[in-house]
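What follows is one structure encoded as structure tokens, with my remarks underneath.
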Amino acid sequence: MNPTLSEAGLDALALVREELDQVEAALRDGATAGSAAVDAIGRHLQQSGGKRVRAAMVLLTGRLTGCPAPTRIRLAAIVEMIHAATLIHDDVIDEAPTRRGQPSANARWGNQRSVLAGDWLYMQSFRLALEERHFGVLDALISLTQAMVEGELLQLEMQGRVVAPAEHLDLMERKTARLFAVGAQLAPLAAGRPEAECQRLERFGRHLGLAFQMVDDLLDFTASEAVLGKPVGGDLREGKMTLPAIYAYQAAPAADRRRFEQVLEDRGYVSVPWPAVQSLVQASGALERARRESREQADRALAAMLEFPPSPWRDALARLPELVVARSH
């Protein structure tokens, strides 16, 4: 990573701290529905926190490109609502019992209410987007939600089988990187910035999102459950092969490959215990390879950002890739 960032970039979130508070207020107001269940689920998600990296990115790109404050705050809230909706739906599909160290929405309110709450958040995010009266913003958000749904369907098709790195990369592009990429270009689109500038920010967001997901994949093998806020080893338990498992599988002899296949077949660590799988992954060099690739994606994001002229906003955005790859949860 580039070590020459200015002092203004040392805390990427400090410059938008007050606006992040306004985003939280917008989320509270925006997640209020005529249904007690939706209201409760919305409050639950907000109280469970989150890093708000996506919201901060939207706010900072808005500052960078001269997007008015009310618009960039609304756009940041929209991105967080879409993200929250995807988390709800993901947890239902995965039958996840926890999210960020707390019971998941589906564990507390059941699958039916949770799915409907997620749908409502999607629709609410588009209602807020309509207030911008900007076809470019709406088109980007529609394409985003289509790609994310396609990603969910693709993940279901891949579940329970060995996949290639290219397949997983395609999945990461649709499910994670696309939200970052679109989030990075919403404010400049709304501000009427040149297409080349929007594309540069889209590139920044895409690589930042890929780095983010690659670190998530790593943490599933390396973090403690207490820090991560959800059970470790969850991806393989749910039948999903991520980069560390894929690389370890490719490097393993036939007998060890069969152990990975058995976990996928069992949908859990029944015949093969989690510590044995974790040891195989650690010994294979797969973690180092995946960590190196996350760094490469972060470096590409940084390179895209450093094409902009120096400013406090540019420097704060340039700090985000390092924050993403250095996180522990």
LEU236 in a helix (DSSP H, G or I) and either free of Cβ contacts under 8 Å to residues at least 60 places away in the same chain or over 17 Å from the mean Cα position of the chain (by Cα) (or both)
yes
Among the listed residues ALA290, ALA286, ALA248, which satisfies the condition of being closer than 30 Å to GLN185 by Cα, buried (at least 17 other Cβ atoms within 10 Å of the Cβ) and touching a residue at least 12 places away in the same chain (Cβ under 8 Å)?
ALA290
Only one of (1) among the basic types (Lys, Arg); (2) surrounded by fewer than 17 Cβ atoms within 10 Å (Cβ to Cβ); (3) more than 30 Å from ILE246 (Cα to Cα) is not met by ARG161, so which one is it?
(3)
If only one of GLY192, GLY209, GLY183 is at positive phi and not hydrophobic (A, V, I, L, M, F, W, C), which one is it?
GLY192
Checking the conditions here, which among ALA76, ALA84 is over 17 Å from GLN213 (Cα atoms) and in a helix (DSSP H, G or I)?
ALA76
Only one of MET148, MET172 that is surrounded by 20 or more Cβ atoms within 10 Å (Cβ to Cβ), modelled with pLDDT under 95, out of contact with any strand residue (DSSP E or B) (no Cβ under 6 Å at 6 or more places or on another chain) and within 22 Å of VAL324 (Cα to Cα):
MET148
Residue pairs meeting the criteria (Cβ under 7 Å; at least 6 apart or on separate chains; first farther than 12 Å from ALA190 by Cβ, in segment 49-74; second of a type in the set (Lys, Arg) and at pLDDT 95 or above)
LEU59/ARG72; LEU64/ARG314
Of the conditions (1) acidic (Asp, Glu); (2) farther than 27 Å from GLU322 by Cα; (3) modelled with pLDDT of 95 or more, ASP266 satisfies every one except a single condition; which number is it?
(3)
Which residue, of LEU121, LEU128, is at pLDDT 85 or above, more than 19 Å from ALA191 (Cα to Cα) and not charged (D, E, K, R)?
LEU121
Members of segment 134-177 that are closer than 21 Å to VAL215 by Cα and part of a loop (DSSP other than H, G, I, E, B)
GLN159, VAL162, VAL163, ALA164
Subset tally (residues that are in a helix (DSSP H, G or I) and surrounded by fewer than 24 Cβ atoms within 10 Å (Cβ to Cβ)) for segment 57-72
5
When residues of segment 222-259 are limited to those that are at pLDDT 95 or above and among the hydroxyl-bearing types (Ser, Thr, Tyr), the one nearest to SER271 (Cα to Cα):
TYR249
Taking the condition of a type outside the set (Val, Ile, Thr) and within 30 Å of VAL137 (Cα to Cα), does GLY233 pass?
no
Go through segment 300-329 and give me each residue that's more than 14 Å from LEU60 (Cα to Cα), acidic (Asp, Glu) and buried (at least 17 other Cβ atoms within 10 Å of the Cβ).
GLU322
Residues located in segment 98-111, provided they are without any contact (Cβ under 8 Å) to a residue 60 or more places away in the chain, in a loop (DSSP other than H, G, I, E, B) and either in contact with a strand residue (DSSP E or B) (Cβ under 6 Å, 6 or more places away or on another chain) or under 22 Å from SER224 (Cβ atoms) (or both)
SER104
Taking segment 83-92 and keeping only residues that are surrounded by fewer than 24 Cβ atoms within 10 Å (Cβ to Cβ), among the β-branched types (Val, Ile, Thr) and either within 19 Å of LEU27 (Cα to Cα) or at pLDDT 95 or above (or both), one is left with THR86
Single unsatisfied condition, SER294 versus (1) assigned to a helix (DSSP H, G or I); (2) at pLDDT below 95
(2)
Sole exception among (1) of a type outside the set (Gly, Ala, Ser); (2) outside any helix (DSSP H, G or I); (3) more than 22 Å from VAL324 (Cβ to Cβ) for GLN282, by number
(2)
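The values are calculated or read from the model by the stated rules, or taken from the named source; none is laboratory data. Quantities reported herein were computed from a predicted structural model and do not represent experimental measurements. Backbone-built Cβ (ideal geometry, glycine too); neighbour counts: all protein chains shown.
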